[in-house]
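One structure is given here, and the rest of the page talks about it.
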Amino acid sequence: MKTISVINLKGGVAKTITSINMAHILSSVYGKRVLLIDNDKQGNTSKMFGYDTYDIKTIADVLTDKNLDIIDAIMPTDNENLSIITANMNLLRANLDILLDQTQQQQTRLKEALSPVSDKYDYCIIDNAPDINMSVINGLAVTDDVIIPIKVDQYAFDGLEVLKEQIEEVKQYNPDIKLVGCLITMYQKSTVNNEGKEWLENQSQYPVFKTFIRRTTKVDETTFTGEPLIIHAPKCTAAKDYISFVAEYLERQI
């Protein structure tokens, strides 16, 4: 199972939209078995798939209940190849509980929990919170590939260095983790976007995907319809861009 973390310390960069659509394209277009993990207490990924409840096991339980069978936290979606571990505000308390509990390893709980189901999925995609807390560290500790969505604006590159440093620190628990690329999202033709995109593509510190995701109101509509882009608006620019992005990601794996 290849595990991908989608993360940026800045909010509002289409992190959740990227996680959802990447997972959906891998599962529906490529027929891959995908486990999507919502690792953000806001639970927006969970809500997209209709899980806005406190009546099921979530990532908070996976991280704090050592007797939990992770199968009990894996929920189905309308796509038979795509399953999800949900999140809600209980994750806020779980992060504190992890810090207080010294009876087991704090940073590798998710890695250990996923081990029994690693052969059941081709990909695991983790939608991480815009934060560095224990649940995010657990996400990075089990991650093979890191993808950083970036919306080009005045603050676009804030936090990139901190995030890269965190990836390096996590290597003591997960030496195989690597940053595979920054993904430019919500792109529109403007001087700011063009200059920011050019700067990012010309620097050597952070790899950048050639594909970029164009801005469209269809993305906002999916947060109301609860449908991935290629179902809600398959002909829109962002849907086509996400398909191209996933193809580019897979080509990099060869």
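Laboratory data are not the source of any read-out in this text; all were calculated from the coordinates shown. Fair warning: this is a prediction, and the values are worked out from it, not measured in the lab. Here the Cβ positions follow ideal geometry from the backbone for every residue, glycine too, while neighbour counts run over all protein chains shown.
In which sequence would CYS182, CYS124 go, from the one with the fewest C-beta neighbours within 10 Å to the one with the most?
CYS182, CYS124
What percentages, rounded to whole numbers, describe P(r) for the stretch 2-253 computed over all alpha carbon pairs with 10 Å bin width beginning at zero?
7, 33, 38, 18, 3, 0
Name the residue, out of THR53, THR216, THR191, whose mean-square fluctuation peaks in a Gaussian network model built on the chain with Cα pairs under 10 Å.
THR191
For the stretch 185-190, in order, what is each residue's ³J(HN,Hα) by Karplus, 6.51 cos²θ - 1.76 cosθ + 1.60 with θ = phi - 60°, in whole Hz (x at glycine and Pro)?
For the stretch 185-190, the Karplus-derived couplings read 10, 6, 6, 9, 5, 7 Hz, x marking Gly and Pro.
What list of ³J(HN,Hα) values in whole Hz, one per residue of the stretch 51-61 in order, does the Karplus curve 6.51 cos²θ - 1.76 cosθ + 1.60 (θ = phi - 60°) give from phi, with Gly and Pro shown as x?
In residue order, the calculated couplings are 9, 10, 8, 10, 9, 10, 6, 10, 4, 4, 5 Hz.
For the chain, what does -39500 (n - 2.57) per DSSP helix run (n ≥ 4), summed and divided by total residues, give at 222 nm, in deg cm²/dmol to the nearest 500?
Here the helix-only value at 222 nm equals -11500 deg cm²/dmol.
From the phi of every residue in the stretch 77-88, what ³J(HN,Hα) in whole Hz does the Karplus formula 6.51 cos²θ - 1.76 cosθ + 1.60 yield, where θ is phi - 60° and glycine or proline is x?
Ordered by residue, 3J(HN,Hα) equals 10, 5, 8, 5, 8, 10, 10, 9, 9, 8, 9, 8 Hz.
For the cross-link pairs LYS120/LYS235; LYS210/LYS240; LYS15/LYS47, which exceed 22 Å when the distance is taken from alpha carbon to alpha carbon?
LYS120/LYS235
Which of ASN202, ASN44, ASN90 moves most in a GNM of the chain, Cα contacts under 10 Å?
Looking only at ASN202, ASN44, ASN90, the largest GNM fluctuation is found for ASN202.
Using amide H atoms built 1.01 Å from N in the peptide plane, name the residues 5+ places from LYS2, or on other chains, whose amide H lies under 5 Å from its own.
Amide H neighbours of LYS2: TYR123, CYS124.
Working out 0.36 nm times the residue gap between GLU168 and ASP69, then minus their Cα-Cα distance, what length gain in nm do you get to one decimal?
32.6 nm
To make sure I understand, if each residue's beta carbon is the centre and we count other beta carbons within 10 Å, what order do PHE212, PHE224, PHE245 fall in, fewest to most?
PHE224, PHE212, PHE245
Take TYR155, TYR123 and order them by how many other Cβ atoms sit within 10 Å, fewest up front.
Ranking TYR155, TYR123 by Cβ neighbours within 10 Å, fewest first, gives TYR155, TYR123.
Taking a point 7 angstrom from the Cα of GLN253 along the C-beta vector, which residues in the stretch 99-120 have backbone N less than 14 Å away?
It comes to 119-120, nothing else.
Please sort by residue number the trypsin sites (Lys or Arg not before Pro) in the stretch 150-207 whose DSSP state is loop and whose Cβ has at most 12 other Cβ atoms within 10 Å.
When the trypsin sites (Lys or Arg not before Pro) of the stretch 150-207 are filtered for loop state and at most 12 Cβ neighbours within 10 Å, LYS189 remain.
For an R0 of 25 angstrom, estimate the FRET efficiency from the Cβ-Cβ distance between ASP220 and LEU92 and round to the nearest 0.05.
Given R0 = 25 Å and the Cβ-Cβ separation, E is 0.40.
Could you tell me the center-to-center distance, by alpha carbons, between the stretch 79-148 and the stretch 178-246 in angstrom?
Distance between centres, Cα-based: 25 Å.
Looking at the stretch 1-109, which chymotrypsin sites (Phe, Trp or Tyr not before Pro) are DSSP coil and have at most 14 other C-beta atoms within 10 Å of their C-beta?
Sites meeting the loop and neighbour criteria: TYR30, TYR54.
For a quick check, take a GNM of the chain with Cα springs below 10 Å and name the residue from VAL29, VAL170, VAL146 with the largest mean-square fluctuation.
Comparing VAL29, VAL170, VAL146 in a Gaussian network model of the chain, the most mobile one is VAL29.
Where in the stretch 226-254 does the label zone of ASP176 land, with the point 7 angstrom along Cα→C-beta and an amide N cut-off under 16 Å?
253-254
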